[in-house]
Amino acid sequence: MTPVPPRTFPRVIIVGGGLGGLMLAILLQEMGVPYHIFERASKAKPLGALMSLNGNILALFEQLGMLEDIMKVSLVSLNSSLYTEKMEKITEIDVRSHFEYTGYKFLMFPRPDLFTILLSKIPPDRISFGKRVLHTKRQSSGVQIVCSDNTCYEGDIIVGADGAYSAVRHNMFREMREQQEQEVHYLGGSSVVIPPSDTKDFAIPYLCMVGVTRPMDADKYPVLRHPNTQLHHVIGESSPYSWTVITVPRNRFCWSVMLQIKDQAEAKEQRFMNSEWGPEANEKLIQVVRDFPVTFGGKLGEIIEATPKSGISKVMLEEKLFETWHHGSIVLIGDGAMSAMQDAVILANCIYELENFRPESLTAAFQDYKEQRYSHVKRQIVNSRMNAKISSGQTRTERLVRHLVLNFLPRSIQNKQLSRDAAYRPQCTFLPRIPDKGSIPSLPQKPSRWYQTGLRTAAAKEMRKDSKVDLHCTGFMGSDACLLPKGA
């Protein structure tokens, strides 16, 4: 790490030990910021199925010296295939252009493997499990969290990295309402406003069940010997389900089943019935999907039976773009692996620039974070929703959209969108930057004032050191010349 002028860093409380929270912790650790993670689960639970990372985030992993770790657990993806439930191929989606654009290959691996890699970078004394946060409080010396076991912890910043139904966000909104009521009562008006859209329900979601198998018999499934990831996605026609099976390292399959929720009433019922990324209440859905055909041979039930029960989880896939990202000493990072990690790097960059912990300084830093991320998150959500409609949408309109996009959308338009998306490749501004590798230049980032100061300070010290060496050598040579014999 480049030396910077002496200064005091904030104490950061990270609520949530998922991928976003772990990545933020690694970044804070890299810059020397004190932090602690509080995770509600009683122990580390590396749940989930397939994950893919590409040039939009892999430059960050290379910057942190973690790219090789990711490569070891990954297979490279060149394309993915869509099928009907009759095992008829609909289309093949090529992703090789991403390597040309960014210089990084499209990597696929089980999500638990990434979780394990990130967790291994966190010292055990920097993360506490079984800490369900109930309340946040403002203190004269900073902020405080109160956990369900009656323990309290203080810091200067609280980062909510606790998922879609964030307890930190809930408490932040509570604080905002209380401040709003007080200001209205005493001042007749308030500058604190919670946008109505932030309090509305999430968009109608998908229910998703996922898992990763134990190592399978490659003689029974020869596709496991393929050097690249094979991703086959089946779109149901006689049922509201779609399902995916993907090859990953060590002769394993990642798999998922998605059910499209019809309306908000069903969505509320499913939210009540399911714990986020929890393995409970899966048997009923397993019985429904066990006879679904798999393109690699056999039935989906055989794949599910080869999956440890503790590793099968069910979750509501929901997305929403909140307008309120921060208030006071509280700031939030989003849900969704790639987006959450990108949030983490930009937030870390902004924390690094803090000169002090005064309310106005925190607000300015958090607002800068939002301004740098908002448009990109908005675009990611739009793309994600469109991809879900194309790959898994079951309504008549979504089937029509899928048909039009897959059969009539010009390749030039697809490439234009891919190249635009590929340009966003954020990195740490407090570490040496990884040079661009692909044909598409990465978007410029706001430079770090502190990092640039550190570089100048280090350069000045080196120049002074070199000057002293030169002077010393000159003086030594002059003295030595006086010792030469006469006439030499």
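The values are calculated or read from the model by the stated rules, or taken from the named source; none is laboratory data. The shown structure was predicted, so the numbers you read here are calculated from the model rather than taken from an experiment. All Cβ positions, glycine included, derive from the backbone under ideal geometry; neighbour counts span all protein chains shown. Protein only, heavy atoms only, side chains kept; ligands, DNA and RNA dropped before computing areas. Shrake-Rupley method; radii C 1.70, N 1.55, O 1.52, S 1.80 Å.
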message: Which one, 186, 414, 136, is farthest towards the positive end of the dipole of the chain when Lys and Arg carry +1 and Asp and Glu -1 on their Cβ?
response: 414
message: Under the rule a/c < 1.5 gives rounded, and otherwise a/b versus b/c splits prolate from oblate, where does the range 7-107 land using the Cα gyration tensor?
response: oblate
Positive dipole terminus of the chain, leading residue within 212, 296, 46 (C-beta point charges): 296
query: Which whole-Hz couplings ³J(HN,Hα) result when phi for each residue of the range 18-35 is put into the Karplus expression 6.51 cos²θ - 1.76 cosθ + 1.60, θ = phi - 60°, listed in order with x for Gly and Pro?
result: x, 5, x, x, 5, 5, 4, 4, 4, 5, 5, 4, 5, 9, x, 8, x, 8
- request: State the dimensionless ratio Rg/Rh of the range 88-199 (Rg: radius of gyration of Cα atoms; Rh: Kirkwood radius).
  value: 1.16
field: Calculated from backbone phi, Karplus (6.51, -1.76, 1.60) coupling profile of the range 206-212 in Hz, x at Gly/Pro
entry: 10, 8, 10, 10, 9, x, 10
task: Provide Rg and Dmax in Å for the chain, with only Cα atoms included in the calculation.
output: 26.4, 107
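Hey, any idea what % of the chain's accessible area is carbon plus sulfur with a 1.4 Å probe? Numbers along the way, then the final one.
Details: 13590 of 24140 Å².
Of all accessible area on the chain, carbon and sulfur atoms account for 56 percent.
Over the chain, what is the relative contact order in whole percent, taking alpha-carbon pairs under 8 Å and six or more residues apart?
Numbers: 850 pairs, mean separation 103.7, N = 488.
Across the chain, relative contact order equals 21 percent.
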message: Starting from the 7 Å offset along Cα-to-Cβ, what nm value, one decimal, do you get for the label separation of residue 411 and residue 361?
response: 5.5
message: Report, in listed order, any pair from 137/200; 45/437; 131/284 with a Cα-Cα distance greater than 27 Å.
response: 45/437; 131/284
statement: Per the helix-only model, the chain has a calculated mean residue ellipticity at 222 nm (DSSP H runs of ≥4, -39500 (n - 2.57) each, divided over all residues, rounded to the nearest 500) of -13000 deg cm²/dmol
- prompt: Which whole-number percent gives the relative contact order of the range 302-426, counting Cα pairs below 8 Å spaced six or more residues apart?
  reply: 21
field: Computed lengthening from residue 457 to residue 223, 0.36 nm per intervening residue step minus Cα-Cα distance
entry: 78.7 nm
message: Straight-line reach from residue 72: which lysines fall under 19 Å, measuring Cα to Cα and dropping same-chain residues less than 8 apart?
response: 105, 121
- prompt: So, in nm, how far is label residue 202 from label residue 465 when the simple model puts each one 7 Å beyond its Cα toward the Cβ?
  reply: 5.2
- request: Using only alpha carbon pairs under 8 Å that are at least six residues apart, calculate the relative contact order of the range 65-166 and give it in whole percent.
  value: 16
message: Test of understanding: what is the full-extension gain from residue 170 to residue 320, defined as 0.36 nm times their sequence separation minus their Cα-Cα distance?
response: 52.5 nm
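For residue 29 and residue 418 in the same chain, what is the full-extension length gain: residue separation times 0.36 nm, less their Cα-Cα distance, in nm?
Extending this stretch completely gives an extra 136.7 nm.
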